[in-house]
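The values are calculated or read from the model by the stated rules, or taken from the named source; none is laboratory data. Since the model is a prediction, treat every value here as computed from it, not as a measurement. Here the Cβ positions follow ideal geometry from the backbone for every residue, glycine too, while neighbour counts run over all protein chains shown.
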Amino acid sequence: MSLQVNAIIFDLDNCLLDPRELGEAFVEPVFSAIRASNLGTLNETQLLAAFEDLWQRPFDTVADEHGFSATMRAAGCRAYATLEVTAKLHGYGDLVVLNELKAVKFLVSSGYRRLQRSKIEALGFKELFAEIHIDAIGEANRPGKEGLFAQIARRWRFAPRQVMIVGDNGESEIAAGNRLKMPTVQLLRPRVTQVLNADFHIDDLWQLKVLLD
């Protein structure tokens with residue numbers, strides 16, 4: 001594939017930030033709320049599998065795939081909506097590369113708005129990206145990542161082939177980029193499983209720089 005990249009849209013979680021940097025104690029209110037509202041819907045093994053999955057994927061996706069009841073969903077949503085990062089976050093160790101990329105950079109993240117905004121602020125990302133968008137769970141008229149990607153390209157007058165999507169999730173940002181005919185790159189952070197639908201696979205942001213150069 002011939003690359004002429006003028007813009008890069010990055011995902012946040014498991015791409016630029018390891019959610020586990022937040023710590024188990026930070027998300028324990030969510031896990032406790034889901035467990036308390038479970039009422040026999042899932043057994044302990046199933047619950048633990050769902051909790052592990054929540055480190056990697058958005059709550060609504062996990063709730064669908066693991067069969068959360070309406071009560072579990074409501075409890076999880078309420079708990080997530082209260083979470084806010086107040087301490088500084090560092091992100092993965094190769095974020096310095098972002099300053100060396102010549103393309104216009106954008107950030108699009110899925111999750112609860114208050115939590116995602118606080119993560120972004122704790123990482124000091126405001127000056128790094130031309131635009132930052134949150135695909136907010138639970139909000140009306142949610143455009144989804146595909147909608148946000150298309151809006152960015154249209155607003156900045158980029159052709160799809162000029163906009164590269166960099167993320168970890170083959171079912172989310174990678175699939176959305178593919179549908180829009182944008183080149184897609186899966187960043188294989190620890191615990192990220194390689195998918196077949198990405199155009200490129202890299203282990204870190206240094207390799208992204210090499211790919212673009």
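So that you can scan it fast, the table gives a plain yes or no per residue for (1) under 28 Å from residue 164 (Cβ atoms); (2) in contact with a strand residue (DSSP E or B) (Cβ under 9 Å, 6 or more places away or on another chain); (3) assigned by TED's automatic domain parsing to the domain that holds residue 199:
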position	(1), (2), (3)
24	no, no, no
36	no, no, no
47	no, no, no
73	no, no, no
78	no, no, no
97	yes, no, yes
111	yes, yes, yes
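With respect to residue 185, is the statement that it is over 30 Å from residue 73 (Cα atoms) and in contact with a Phe, Trp or Tyr (Cβ under 6 Å, 6 or more places away or on another chain) true?
On the way: over 30 Å from residue 73 (Cα atoms): yes; in contact with a Phe, Trp or Tyr (Cβ under 6 Å, 6 or more places away or on another chain): yes.
Spelling it out, residue 185 is indeed over 30 Å from residue 73 (Cα atoms) and in contact with a Phe, Trp or Tyr (Cβ under 6 Å, 6 or more places away or on another chain).
Anything in region 88-122 that is among the hydrophobic types (A, V, I, L, M, F, W, C), under 30 Å from residue 77 (Cα atoms) and not in a loop (DSSP other than H, G, I, E, B)? List them, or say none. Spell out the reasoning first.
Looking only at region 88-122, we keep the residues that are among the hydrophobic types (A, V, I, L, M, F, W, C), and these are 89, 95-98, 101, 103-104, 106-108, 115, 120, 122.
Still in the list and also under 30 Å from residue 77 (Cα atoms): 89, 106-108, 115, 120, 122.
Selection gives 106, 107, 108, 115, 120, 122.
May I ask you to verify whether residue 81 is surrounded by fewer than 19 Cβ atoms within 10 Å (Cβ to Cβ) and not in a helix (DSSP H, G or I)?
Values: surrounded by fewer than 19 Cβ atoms within 10 Å (Cβ to Cβ): yes; not in a helix (DSSP H, G or I): no.
Here the answer is no, as residue 81 does not meet what is asked.
What's the total number of residues in region 144-164 that are surrounded by 15 or more Cβ atoms within 10 Å (Cβ to Cβ) and outside any helix (DSSP H, G or I)?
3
Given the options 205, 128, 115, 188, name the one that is touching a residue at least 60 places away in the same chain (Cβ under 8 Å) and of a type outside the set (Ser, Thr, Tyr).
When all the criteria are applied, what remains is 205.
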